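Each remark here refers to the structure printed beneath this line.
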Number of protein chains: 2
Amino acid sequence: MRLDSSGLQVLTDEECLRLLTSTPIGRIVFTDRALPAVQPVAFCLDGDGIVIRTGVGSKLAAATRRAVVAFEVDDYDPVLRTGWSVSVVGHASAITDPAETARLAELPLDPWVPGDLDHYIRVSLEHITGRRITGAHSI
Amino acid sequence: MRLDSSGLQVLTDEECLRLLTSTPIGRIVFTDRALPAVQPVAFCLDGDGIVIRTGVGSKLAAATRRAVVAFEVDDYDPVLRTGWSVSVVGHASAITDPAETARLAELPLDPWVPGDLDHYIRVSLEHITGRRITGAHSI
């Protein structure tokens, strides 16, 4: 088990990918009018990327156009004080190819919010890191 | 009940502040070597700011020095598909005054990670927003 400089367990890429499939909600981190922004989104892992569905006119669609973004998922137990987090950094891109859009529409990616969410954003998994808090060090 | 352009319920500032006290873990969003970064942290609401405890030599301490950061908390029910999120944007500052550090050391702010975490960061609540998904619109 490898620990980082903070004493947290470093997760392998395989473990990070497994954990990315274990939760339906993640948080996309981007820049909105020169300020840091973060928004929870339903997502789906698809090959070497994360797929998010949003409205074509949404702030998220505009702000992530050809941008480098971060994406984070986590899960914590506040009683045991254990948990894990996985972060991804990669380029976001809008899916414009009709065939690819049709394929993505078949993914198990149901947004929790209302509206016409027929715009797909893909975030490539260029840099993926994960940490686990085992609880042994909690004070 | 006010809805935003996505059909999500807009939370009042009072509701956002109440929700900020309801969870021990949030996610701080900052820039690390020109790339977006996000890290889960234990935190505490203190007056008009968020207080985070970290190591003086940590990446988080370095990256948030005199920076504008975002901070996010949320909670979701994956079965009912309901949930809420609260986001804060504000200036981060390192607490260097010994009297203030001593006061913050008395806060109920126990980090979940090991190490000497005697460095306090304050994020002012300059812009706070919150949304709730009621589940009525889930598909």
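Annotations for the structure displayed:
- Residue that is farthest from the chain's Cα centre (by Cα) [pool: residues in region B:70-104 that are without any contact (Cβ under 8 Å) to a residue 12 or more places away in the chain and in a loop (DSSP other than H, G, I, E, B)]: B:VAL79
- Residues (of a type in the set (S, T, N, Q) and within 11 Å of chain A (Cβ to nearest Cβ)) located in region B:85-122: B:SER85, B:SER87
- Within region A:38-61, considering residues that are farther than 20 Å from B:ARG27 by Cα and within 12 Å of chain B (Cβ to nearest Cβ), the one surrounded by the most Cβ atoms within 10 Å (Cβ to Cβ): A:THR54
- Between B:VAL29, B:VAL51, B:VAL68, the distinction of being within 21 Å of A:ARG131 (Cβ to Cβ), in contact with a strand residue (DSSP E or B) (Cβ under 7 Å, 6 or more places away or on another chain) and among the hydrophobic types (A, V, I, L, M, F, W, C) belongs to B:VAL29 only.
- Residue list for region A:13-35, restricted to those being in contact (Cβ under 8 Å) with a residue 12 or more places away in the chain and either more than 21 Å from B:ARG81 (Cβ to Cβ) or in a strand (DSSP E or B) (or both): A:ASP13, A:GLU15, A:CYS16, A:LEU17, A:ILE25, A:GLY26, A:ARG27, A:ILE28, A:VAL29, A:PHE30, A:THR31, A:ASP32
- Failed criterion for B:ASP110 (all others in (1) among the charged types (D, E, K, R); (2) in contact (Cβ under 8 Å) with a residue 60 or more places away in the chain; (3) out of contact with any helix residue (DSSP H, G or I) (no Cβ under 9 Å at 6 or more places or on another chain); (4) in a strand (DSSP E or B) hold): (4)
- Residues of region A:12-37 classified as under 16 Å from A:VAL88 (Cβ atoms), among the aliphatic types (A, V, I, L, M), surrounded by fewer than 21 Cβ atoms within 10 Å (Cβ to Cβ) and more than 8 Å from every other protein chain (Cβ to nearest Cβ), total: 3
- Any chance B:ALA42 is closer than 15 Å to A:PRO78 by Cβ and not in a loop (DSSP other than H, G, I, E, B): yes
- Against the test of being under 24 Å from B:LEU3 (Cβ atoms), within 14 Å of another protein chain (Cβ to nearest Cβ) and not aromatic (Phe, Trp, Tyr), the options A:THR64, A:THR82, A:THR129 yield a single qualifying residue, A:THR64.
Here, each number is a calculation from the coordinates, and none is a lab measurement. It should be emphasised that the depicted structure is a prediction, and the values quoted were computed from it without experimental measurement. Every residue, glycine among them, receives a Cβ derived from its backbone with ideal geometry; neighbour counts consider all protein chains shown.
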